[in-house]
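Since the structure comes first, as structure tokens, the remarks are kept for the end.
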Amino acid sequence: MSWLVLVLRLPSEPARHRVAAWRELRKAGAVPLSSGTWALPDLPVVAPVVDRVAALVARAEDGELVRLRAGGWDEADEAAMAAMFAAARDDEWRELASECRRYLAEIAKEHRTEKYSLAELEEEEQSLDRLRRWYRDVRARDLLGSSGRGETDALLKECVAAFDEFAEAVYARIGA
């Protein structure tokens, strides 16, 4: 596999240029290799990200961006780079799975305490929407198909089912 390596040099002040570039790279799932050096799989879907980062760097006075295509020296290096990218995605999937479990525990608590109100329903719906957005974001970054996605898929489906069940209980309680 080929990788895009982005080497950014941005002035320390104002910090907004570095922060904006860093956010764009993190949002895309880039893996930091060292200070100012990031890697992404060399896939067509990544080109717009590189263009956005280039535009952000161009806004900074004395900002520089060097874009390189790279491959591993050998198969072990290729595997190491792919493993770094996969590990970053697996971490994100684990964190999201943990949040899904918290959501399921919260819904279970609301059932135990019979807190069946429209306000609570709205709060739980907002929490579920946040989980769905987070899922879409991680899925968009998971360009190589991380192994951590499967468990999170199942947990998010449980969250949706738990919300639907909770909504039915709320509507039954308020007589709607």
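Here are the numbers for the structure shown:
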{"quantity": "Peptides 119-126, 50-57 ordered by average Cβ neighbours within 10 Å, highest first", "calculated": "50-57, 119-126"}
{"quantity": "Positive minus negative residues near Arg9 (Lys, Arg vs Asp, Glu; Cβ under 11 Å)", "calculated": "-1"}
{"quantity": "Likely footprinting exposure, Thr113, Thr152, Thr37, fewest C-beta neighbours within 10 Å first", "calculated": "Thr113, Thr37, Thr152"}
{"quantity": "Exposure proxy ranking, count of Cβ atoms within 10 Å, fewest first, for His17, His111", "calculated": "His111, His17"}
{"quantity": "Approximate spin-label separation Lys157-Arg101, in nm, with each point projected 7 Å along Cα-to-Cβ", "calculated": "2.0"}
{"quantity": "Principal-axis tilt of helix 149-174 within the chain, Cα atoms, nearest 10 degrees", "calculated": "30"}
{"quantity": "Residue order, fewest to most surrounding Cβ atoms within 10 angstrom, among Lys115, Lys109, Lys27", "calculated": "Lys109, Lys27, Lys115"}
{"quantity": "Charge dipole (debye, nearest 20) of the chain; +1 at Cβ of Lys and Arg, -1 at Cβ of Asp and Glu", "calculated": "440"}
{"quantity": "Value at 222 nm in deg cm²/dmol, rounded to 500, when DSSP H runs of n ≥ 4 in the chain each add -39,500 (n - 2.57)", "calculated": "-22500 deg cm²/dmol"}
{"quantity": "Folded to 0 to 90 degrees: helix 16-28 orientation relative to the chain principal axis, Cα", "calculated": "70"}
{"quantity": "Candidate aspartates and glutamates for bridging to Lys115, where Cα separation is under 19 Å - those fewer than 8 sequence places away on the same chain excluded", "calculated": "Glu106, Glu123, Glu124, Glu125, Asp164, Glu165, Glu168"}
{"quantity": "Segment 89-174: relative contact order as a whole-number percent, Cα under 8 Å and 6+ apart", "calculated": "55"}
{"quantity": "Relative contact order %, the chain, counting alpha carbon pairs below 8 Å whose residues are six or more apart", "calculated": "25"}
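Bear in mind these aren't lab numbers, they're just calculated from the coordinates by the rules spelled out. If you're wondering where the values come from, they're calculated on a predicted model, not measured in any experiment. Positions of Cβ are generated from backbone atoms using ideal geometry, with glycine treated the same way; all protein chains shown enter the neighbour counts.
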